[in-house]
Amino acid sequence: MPTSHPRGLPTGDAGGPTDDAPDAHDAHGAPDALFGLDELRTGPEPRTSGKPLFRDSAEARRMLAVREIHAEPGAAASPRGKQILAAFPDAEVIPVDSHWRIPDLHGNKGNAERWVRIKSTVLVLGEKKTLTVRPNGRSADWIAPGAANGCAMACSYCYVPRRKGYANPITVFTNIDRMIARLRRHVVEQGPKREPNQCDPAAWVYDIGENNDASVDALISENTADLVHAFTQWPTAKASFATKFVNPDLLLLDPRGRTRIRFSVMPPDDSRLLDIRTSPVEERIAAAGDFLEAGYEVHFNLSPVVIRPGWEQAWAELLQHMDDVLPTGVKEQAAAEVIMLTHNRDLHDVNMEWHPRAEEAIWRPDLQQAKRSENGGWNVRYRNAVKAEAVETVRRLVAAHAPWLTVRYAF
């Protein structure tokens with residue numbers, strides 16, 4: 001197992017249904033030394049603050065008041081699975097054959113009315129069988145095998161629920177050692193980065209949170225901590241994840257500049273309507289200096305940009321606020337992505353069951369057009385001319401109010 005971190009537990013995904021298939025590129029049964037896992041076991045201890053851990057606080061337990069844990073037998077029996085079960089001793093453990101096929105959760109339309117409650121009270125444990133590293137080229141060079149999918153937060157525009165069907169609690173994958181082994185081999189295969197690109201001038205960047213929020217996941221297990229530590233061992237690579245949740249426990253790790261945290265921000269009024277159960281935008285911005293000081297690279301996602309009456313002024317005020325409060329050190333290394341809202345008809349129907357007010361802002365047939373997604377479903381996005389004009393507006397606002405913020409890409 002990777003090294004344990006003293007953060008409240010006893011010591012000791014993008015794939016969809018294809019997670020149930022083995023990966024031909026993974027090395028089953030290979031000795032740990034081949035992948036450098038001995039280094040992970042003996043890595044440096046994280047910093048200590050002398051204060052109680054945030055994950056043990058009342059606020060964290062409100063976020064995750066777990067009462068049911070649906071667990072694959074192998075996941076429950078694994079060292080990481082045992083740690084998680086010990087952290088929630090009062091939860092009912094329900095054996096399941098597959099983390100993707102849980103009839104009471106997936107495909108049950110009645111769960112739409114319990115959308116937020118399920119996110120808080122239900123947890124799923126599984127083993128990730130497909131350990132594919134996929135090319136990206138936008139915010140990261142590669143998408144790493146996800147250590148989790150789903151989220152305890154409830155952003156009304158989130159794309160992940162579209163794959164899980166009317167419920168989207170966190171699924172934690174307990175075989176983190178195999179994921180880290182796969183990543184290490186991939187990093188070694190790439191060798192040094194020969195040319196700079198928009199992802200990073202020198203390091204290969206791996207997104208470790210495509211279908212999850214790694215900051216929230218750190219309230220449950222050491223998966224995030226193990227990944228952060230793993231990347232400190234790989235001088236040619238860097239981890240990256242986006243988050244809308246400020247978890248102070250991450251400040252106790254020692255990322256040594258090898259993990260990039262991307263705080264997603266939007267105008268506070270939009271966030272209060274659309275970003276349910278997330279940290280306030282002002283808190284995310286205020287945390288940037290602390291995370292930089294702790295050894296993280298700190299970037300931002302301006303995401304999603306929602307077109308509504310007054311949206312231009314709202315974004316101007318947000319960018320001005322960032323310019324006013326962010327330390328010089330954050331500004332000197334910051335970059336951002338601009339992501340326009342993409343929505344989905346099925347998710348719209350779900351949202352109408354639990355949060356119809358959000359749909360007044362994000363379901364705009366007068367401005368949107370259908371788009372076939374990579375997995376074959378139909379999404380809706382702003383029409384080409386509307387989107388192009390809005391992207392140019394955001395670029396202009398950044399140049400006027402936060403000229404220090406490099407826009408990596410906008411779409």
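What to note about this one:
- Helices (runs of 4 or more DSSP H) contained in segment 65-180 and holding at least 2 residues in contact with an Asp or Glu (Cβ under 8 Å, 6 or more places away or on another chain): 73-77, 79-87, 115-121
- In segment 177-205, the residues that are buried (at least 20 other Cβ atoms within 10 Å of the Cβ) form Cβ pairs under 6 Å with partners that are acidic (Asp, Glu) and modelled with pLDDT under 95, at six or more places apart or across chains, as follows: Arg182/Asp26.
- If you filter segment 129-143 down to residues that are out of contact with any strand residue (DSSP E or B) (no Cβ under 8 Å at 6 or more places or on another chain) and among the β-branched types (Val, Ile, Thr), you find that the one that is nearest to Lys193 (Cα to Cα) is Thr132.
- Test: Pro169 is closer than 30 Å to Ser120 by Cα and either out of contact with any Gly (no Cβ under 7 Å at 6 or more places or on another chain) or modelled with pLDDT under 95 (or both): yes
- Residue in segment 320-333 that is crowded, with 19+ Cβ neighbours inside 10 Å and over 30 Å from Gln190 (Cα atoms) present: yes
- Residues within segment 288-328 that are part of a helix (DSSP H, G or I) and among the aliphatic types (A, V, I, L, M), tallied: 8
- Note on segment 208-219: among residues that are of a type outside the set (Gly, Ala, Ser) and buried (at least 24 other Cβ atoms within 10 Å of the Cβ), the one that is farthest from Met63 (Cα to Cα) is Ile208.
The values are calculated or read from the model by the stated rules, or taken from the named source; none is laboratory data. Just so it is clear, the model here is predicted, and its values are computed rather than measured. With ideal geometry, Cβ positions are generated from the backbone for all residues, glycine too; neighbour counts draw on all protein chains shown.
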